[in-house]
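Okay, so here's the structure we're looking at.
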Amino acid sequence: MPVAARIEEVRTLVAELSEASPTAHVFMQKMVKLLHERMLKYNWVGFYMLELGAQPPMLLLDAFEGAMTPHTRIPLNQGICGAAASSGQTVIVDDVSKDPRYLACSLETKSEIVVPVFVHGKVVGELDIDSHFPAAFTPEDQDIIQYCAMLVGKKLEKSGQ
Ligand code: SME
């Protein structure tokens, strides 16, 4: 299946999953599985969520698919993950070996995208995807991943956890 068709299929499937999931957390678990299975270059897919009330603020590993990562808690001033959460901006790194912020999860990872999740305009977490391929995340990938993160934010606004 061509990549564009696969992305459109995933867009439809995640929208259906959002409707069918009783909670945001169930939606997140099903979404990481779907993205990991269908998008062949997405080799690690997971959410980090901001720990409520923690000082200093910390990102905690949540639903994920792929190998276990040593980074289960990430401060906001560390990693690509910390950069995305603290800036509220999508961060794409085409070659992780050249980015001094990068916290290694797997030796095979070559590129990464991290997209913040917003609830009522505030960052509450993020969707992090690693690829074994360099520069895996095209503008079309960015678009579908931002769509996925937006749906999680909307689901959290509607149904809470
Ligand atoms: N690479 C991330 C850490 C999380 S693992 O990729 C799962 C970072 O630099 O923040």
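Read-outs throughout are calculated quantities, based only on the coordinates presented, and are distinct from any laboratory measurement. In this text, all values refer to a predicted model and were calculated from it rather than measured experimentally. Virtual Cβ from ideal backbone geometry, glycine too; neighbours counted across all protein chains shown.
Do any GluC sites (Glu not before Pro) in region 60-144 lie in a DSSP loop with no more than 13 other beta carbon atoms within 10 Å, and if so, which? Display every interim value, and only then the final one.
Details: sites: E65, E108, E112, E126, E140; in loops: E108.
Answer by residue number: E108.
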Applying the gyration tensor rule to the Cα atoms of the chain (axes a ≥ b ≥ c; rounded if a/c under 1.5, else prolate if a/b exceeds b/c, else oblate), the class is oblate
Phi-derived 3J(HN,Hα) across region 23-28 with the Karplus relation (6.51, -1.76, 1.60, θ = phi - 60°), rounded Hz, x for Gly and Pro, is 9, 4, 5, 4, 4, 4
For K41, the lysines lying under 17 Å Cα to Cα, once residues fewer than eight places off in the same chain are dropped, come out as K33, K110
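Counting each DSSP H run of 4 or more residues in the chain as -39500 (n - 2.57), what helix-only mean residue ellipticity at 222 nm follows after dividing by all residues, to the nearest 500 deg cm²/dmol? Display every interim value, and only then the final one.
On the way: 4 runs with 63 residues, N = 161.
It lands at -13000 deg cm²/dmol.
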Taking R0 as 25 Å and r as the Cβ-Cβ distance between Q78 and K33, the FRET efficiency 1/(1 + (r/R0)^6), rounded to the nearest 0.05, comes to 0.35
Note, region 48-65: 3J(HN,Hα) by Karplus (6.51, -1.76, 1.60, θ = phi - 60°), whole Hz, Gly/Pro = x, goes 10, 10, 5, 6, 5, x, 6, 10, x, x, 9, 8, 10, 4, 10, 4, 8, 10
Counting sequence-distant residues (5 or more places) and residues on other chains, those with an amide H built under 5 Å from that of G125 are L50, V117
